[in-house]
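Chemist: Sending over a structure as structure tokens; questions will come in a sec.
The values are calculated or read from the model by the stated rules, or taken from the named source; none is laboratory data. Just so you know, these numbers come straight off a predicted model, no measurement behind them. Cβ sites come from the backbone with ideal geometry, for glycine too, and all protein chains shown count toward neighbours.
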């Protein structure tokens, strides 16, 4: 289908009954022939390819105005407070609300799961996370806990002032976390997000290094809600900018495309990295964001949270310190490449998998794959 025809069909006029009909499932990028980078993904091409990592969602869709949720990332299935993992946080542009950042920067470790949600849901989400974790066995004497909760602003599709997140939503995300599956698109914390003026959401990808480079896995999960000039596989998609298509179709309703917004990027690896090396790894995820055309604008909160699940790197509460063999600096380059590629593909997956969503202040359309694929898949 020619790009102009696809644009007209997708954006010509008001939303009607046909838009509410069930749509066929949208493919992931690689399943549609969009191969990003040169390194091989893990078996599920997801953050859960890193051993022990689990992901869960709670999706909140109520009435015409609530389009939000919670996404939980658990580094391992044990007691995270007693068995802490090394971690680091990198800030690309700091227009955001990331709870727990200073303690992670100071101590270089995580003691809770990582939760993602909408901006004004951060504090209720953090409170519910603390309540959930303090109620777990063995936590009776704990007097301090550092919940790590990130956000992006879903206030176009979601009535953000309603602050709809409840403890039940947080428990649902945490207790549904699975090491075997990650839902993508407009789910969990990605329910109400917008990327490049199109529907954003949750996306994930992974890369597994060959044995000759250590055999380690890097997995990435993103909550995409940012802007810039959308680029896929190095191809700028300026002709598919939402405002250009809307105007060509005679549609006056323009989705938000200011460039402001945010992205949360969570990077997991089983490589034996300490907080210093994880900080270096996290910085490379921003390269992947840049390859998609993100510009880290003034009003964007762009954060990367990286952690290692390697058992040898964990700090066991109450046990004496144990020396650990940390990966050498000159072994990091393949991991850097993996983090950049997996971030780029996770962002594209978040948009490929997301469907059109009608919400609080209007409608945000799904990325028109009929127009995208002929431009970015050479054989098409």
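Chemist: Consider residue 170 carefully, then state whether it is at pLDDT 95 or above and not in a helix (DSSP H, G or I). Break it down stepwise before answering.
Modeler: Details: at pLDDT 95 or above: yes; not in a helix (DSSP H, G or I): no.
No: the conditions fail for residue 170.
Chemist: Right, another one. Restricting region 280-290 to residues that are in contact with a strand residue (DSSP E or B) (Cβ under 9 Å, 6 or more places away or on another chain) and surrounded by fewer than 21 Cβ atoms within 10 Å (Cβ to Cβ), which is nearest to residue 228 (Cα to Cα)?
Modeler: The residue in question is 290.
Chemist: I would also like to ask the following. For region 147-170, which positions are closer than 24 Å to residue 303 by Cα and in contact with a helix residue (DSSP H, G or I) (Cβ under 6 Å, 6 or more places away or on another chain)?
Modeler: If the condition is that a residue be closer than 24 Å to residue 303 by Cα and in contact with a helix residue (DSSP H, G or I) (Cβ under 6 Å, 6 or more places away or on another chain), then 147, 149, 151, 153, 160, 163, 165, 170 are the ones that fit.
Chemist: Just the residues that are more than 19 Å from residue 197 (Cβ to Cβ), touching a residue at least 60 places away in the same chain (Cβ under 8 Å) and either out of contact with any strand residue (DSSP E or B) (no Cβ under 7 Å at 6 or more places or on another chain) or not in a helix (DSSP H, G or I) (or both), please, taken from region 345-380.
Modeler: The answer is 374, 377, 379, 380.
Chemist: So, one more: Scan region 108-126 for residues that are in contact (Cβ under 8 Å) with a residue 40 or more places away in the chain and either in contact with a strand residue (DSSP E or B) (Cβ under 6 Å, 6 or more places away or on another chain) or under 23 Å from residue 309 (Cβ atoms) (or both) and jot them down. Even if it seems obvious, please write down each step before you answer.
Modeler: Taking region 108-126 and keeping what is in contact (Cβ under 8 Å) with a residue 40 or more places away in the chain, we get 108-110, 113-121, 124-125.
If the condition is that a residue be in contact (Cβ under 8 Å) with a residue 40 or more places away in the chain and either in contact with a strand residue (DSSP E or B) (Cβ under 6 Å, 6 or more places away or on another chain) or under 23 Å from residue 309 (Cβ atoms) (or both), then 108, 109, 110, 113, 114, 115, 116, 117, 118, 119, 125 are the ones that fit.
Chemist: A follow-up question, please. Can you tell me which condition residue 84 does not meet? The list is (1) part of a strand (DSSP E or B); (2) closer than 23 Å to residue 226 by Cα, and all the others hold.
Modeler: Exception for residue 84: condition (2).
Chemist: Evaluate region 316-331: report whether one residue or more is in contact with a helix residue (DSSP H, G or I) (Cβ under 9 Å, 6 or more places away or on another chain) and closer than 26 Å to residue 35 by Cα.
Modeler: Yes: region 316-331 contains one or more residues that are in contact with a helix residue (DSSP H, G or I) (Cβ under 9 Å, 6 or more places away or on another chain) and closer than 26 Å to residue 35 by Cα.
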